[in-house]
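J.: First the structure, which I've put down as structure tokens, then a few questions once you've had a look.
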Amino acid sequence: MYAQMIKSEGTKREDMSPQELAFQARIDRGEKIEPKEWMPEGYRKTLIRQIGQHAHSEIVGQLPEGNWITRAPTLERKAILLAKVQDEAGHGLYLYSAAETLGVSRDELFEKLHSGAMKYSSIFNYPTLTWADMGAVGWLVDGAAIMNQVPLQRTSYGPYSRAMIRICKEESFHQRQGYSIMMTMAKGTPAQKDMAQDALNRFWYPALMMFGPSDKDSVHSEQSMAWKIKMNTNDELRQKFVNETVPQAEYLGLSVPDETLAWNEEKQGYDFAEPDWSEFFEVIKGNGPCNRERLEARVTAWDEGAWFREGLSAHAEKAAAARMAAE
Amino acid sequence: MTGIAELEAPLADPHLSDEALRPAFFEWLCRMGDSTLILGHRTSEWCGHGPALEEDIALANTALDLIGHTQFWLGLAAEVEGKGRSADQLAYLRDAWHFRNLLLVELPKGDMGQTLVREFLFDAWHHLQLDWLAANSSSPRVREIAAKALKEVSYHLERVCDLVIRLGDGTEESHRRLQDALDRLWPYTGEMFTGDAVDATVAGAGIAPDPASLRPAWDALVDEVLEAATLTRPQTRPDAQKGGRQGRHTEHLGFILAEMQFLQRAYPGATW
């Protein structure tokens, strides 16, 4: 999940104005809300936070994988990884465009990312140390993202829902390419298999953290679910992810790094260990292994690109002035 | 976008069984594939670090196209060589002195100005080369690859000409950065048009043009774009730096290969 701990600002049902009640009734009926229609300020602000955080995650998410493009082990793997990272930039573009329909510009959102006022998913603050991490990121990180994004195709805000439909098509390709890397390595030389196991060991708990803290500690879930901008609870999605991923790990012949993991017949799901939430909150606060590098890389790209953007704007102004003069 | 497409059933091509032609044909194919590989590598270094989201997408797309072309050129090179090597083995298991790329493409990416001006100077040649090959090459296999690559490179050229014009005629700073890049890269452009015995052999067989023959059209296009961009064509020697196509490289190539080939070198024989 690329949006974590989104602060939700709503009004209790008993305090709602007739207009707010009518809005909620539309959502309850499954209608889509479109950009020019009336919406409560809290709905708009919450969506901007959520879509913005998701967009930032796509952009920052280019970095841990971009880290291995120049070292990809074959031409085909290089081409696939390039295509994947290009898709992520494209997802960022759709999502910033969806956010723009709510009255916030891409530049404003970038400013908030760069100042630290807005976050991106905690997962991208972990380093990619070996080629097997390209497998683990595709398999686990994109896999966790899909768990959240598939239901969001039905979210109440039209532009967000449509962006999610396009994104989901590409994400499932990403997950498959990650699993294909893991499969090749797990069936490869002993060194490759060790590398694959090490990647799973390092990414398992950070992947579980992507769904956000447990529902009992998640203060904003209820309002966001009423607005259908959050479709499932964090714990539901985490459970679904574990249920689907454990058999995949078994198929690879790799061990999930959780000694307590056991099938629970009664709930028809696995019992599993919670991630270390103190680590999660440290990463969110900026103390993860790569927070500083990731943000610096984005700020540097933006600052060093200023002359480029200004040059294009200046040319566009000159061209417009020339057209005016000619008319 | 080439993606990872593979050519379908190979076309019959008499050149592939011509023993006398083989060494020169192999050399020439490596020159094509190595230039697209190394420029693809340099372009991919921008991933996630571009000056605007649209540029991140365009640069990744360009790099992807170039890696796709590499798969085709080096794949054919491996077939022509006939020693059982694959495109990957050529890319990942040769050392620098066996690489045949233009020096221009191995220079560091620099700022966006250097990256764009390099791409412009290269694409202007690349487009002419592919256009000639697709229409005229006596090798059906070469024609087929060139025709596929030409579609993508036509777009690369269009996009980069547009950016060079807009940034050359943008702000004082964007103009200065592009002019600096042009002055720095100009001495490497002559290599694209300097033929040797390998070129004479493949040109003689009708596979590829005489490199010098593409110069007038390249000059015309470059002059046209530079004028629109308000940039000044450098007066320095265009062929002061050359040798990459014969395996004499700058210091930069060794570092590119150390990075690119790391996994294949560290885990010999593994499948990825």
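J.: Kindly state which helices (runs of 4 or more DSSP H) lie completely within the stretch A:1-115 and contain at least 3 residues that are open to solvent by 10 Å² or more (accessible area, probe 1.4 Å) and under 30 Å from A:Met209 (Cα atoms).
T.: Because the criterion is at least 3 residues that are open to solvent by 10 Å² or more (accessible area, probe 1.4 Å) and under 30 Å from A:Met209 (Cα atoms), the helices (runs of 4 or more DSSP H) in the stretch A:1-115 that meet it are A:41-60, A:62-69, A:75-100, A:106-115.
J.: Could you please let me know if A:Leu113 is in contact (Cβ under 8 Å) with a residue 12 or more places away in the chain, more than 13 Å from the chain's Cα centre (by Cα) and under 30 Å from B:Ser86 (Cα atoms)?
T.: no
J.: Just give me the residues in the stretch A:291-305 being without any contact (Cβ under 8 Å) to a residue 40 or more places away in the chain, assigned to a helix (DSSP H, G or I) and facing chain B (nearest Cβ under 8 Å), in sequence order.
T.: The answer is A:Thr300, A:Ala301, A:Glu304.
J.: Find the residue count for the stretch B:132-159, including only residues that are more than 22 Å from B:Leu39 (Cα to Cα), touching a residue at least 60 places away in the same chain (Cβ under 8 Å) and of a type outside the set (Lys, Arg).
T.: Residues that pass the stated criteria total 5.
J.: Mind checking which residues of the stretch B:89-110 are open to solvent by 30 Å² or more (accessible area, probe 1.4 Å), within 14 Å of chain A (Cβ to nearest Cβ) and either in contact (Cβ under 8 Å) with a residue 60 or more places away in the chain or under 23 Å from B:Leu59 (Cα atoms) (or both)?
T.: Hits for the stretch B:89-110 are B:Leu93, B:Pro108, B:Lys109, B:Gly110.
J.: Something else: Which ones in the stretch B:51-88 are away from chain A (no Cβ under 13 Å) and either open to solvent by less than 10 Å² (accessible area, probe 1.4 Å) or in contact with a Cys (Cβ under 7 Å, 6 or more places away or on another chain) (or both)?
T.: Those that are away from chain A (no Cβ under 13 Å) and either open to solvent by less than 10 Å² (accessible area, probe 1.4 Å) or in contact with a Cys (Cβ under 7 Å, 6 or more places away or on another chain) (or both): B:Leu76, B:Val80.
J.: Hey, another quick one. What about B:Asp162, is it among the acidic types (Asp, Glu), away from chain A (no Cβ under 14 Å) and free of Cβ contacts under 8 Å to residues at least 24 places away in the same chain?
T.: When the stated conditions are applied, B:Asp162 does not pass them.
J.: May I pose another question? Do any helices (runs of 4 or more DSSP H) entirely within the stretch B:1-117 hold 3 or more residues that are out of contact with any Gly (no Cβ under 9 Å at 6 or more places or on another chain), and if so, which?
T.: Hits in the stretch B:1-117: B:22-44, B:53-81, B:87-92.
J.: Could you list, in sequence order, all residues of the stretch A:1-56 that are under 24 Å from the mean Cα position of the chain (by Cα) and of a type in the set (Phe, Trp, Tyr)?
T.: Those that are under 24 Å from the mean Cα position of the chain (by Cα) and of a type in the set (Phe, Trp, Tyr): A:Tyr2, A:Tyr43.
J.: If I go through the stretch A:227-265 residue by residue, how many of them are assigned to a loop (DSSP other than H, G, I, E, B) and not polar (S, T, N, Q)?
T.: Of the residues in that region, 13 qualify.
J.: If you scan the stretch A:156-192, which residues turn out to be open to solvent by less than 50 Å² (accessible area, probe 1.4 Å), under 30 Å from A:Pro35 (Cβ atoms) and either more than 24 Å from the chain's Cα centre (by Cα) or without any contact (Cβ under 8 Å) to a residue 24 or more places away in the chain (or both)?
T.: Selection gives A:Met164, A:Cys168.
J.: Something else about it: Quick test for you: out of B:Val160, B:Val164, pick the one residue that is modelled with pLDDT of 95 or more, under 15 Å from the mean Cα position of the chain (by Cα) and on the phi < 0 side of the Ramachandran plot.
T.: B:Val160
The values are calculated or read from the model by the stated rules, or taken from the named source; none is laboratory data. The shown structure was predicted, so the numbers you read here are calculated from the model rather than taken from an experiment. Please note: Cβ atoms are built from the backbone with ideal geometry, for glycine as well, and neighbour counts cover all protein chains shown. Note: areas computed on protein heavy atoms with side chains; ligands, DNA, RNA excluded. Shrake-Rupley method; radii C 1.70, N 1.55, O 1.52, S 1.80 Å.
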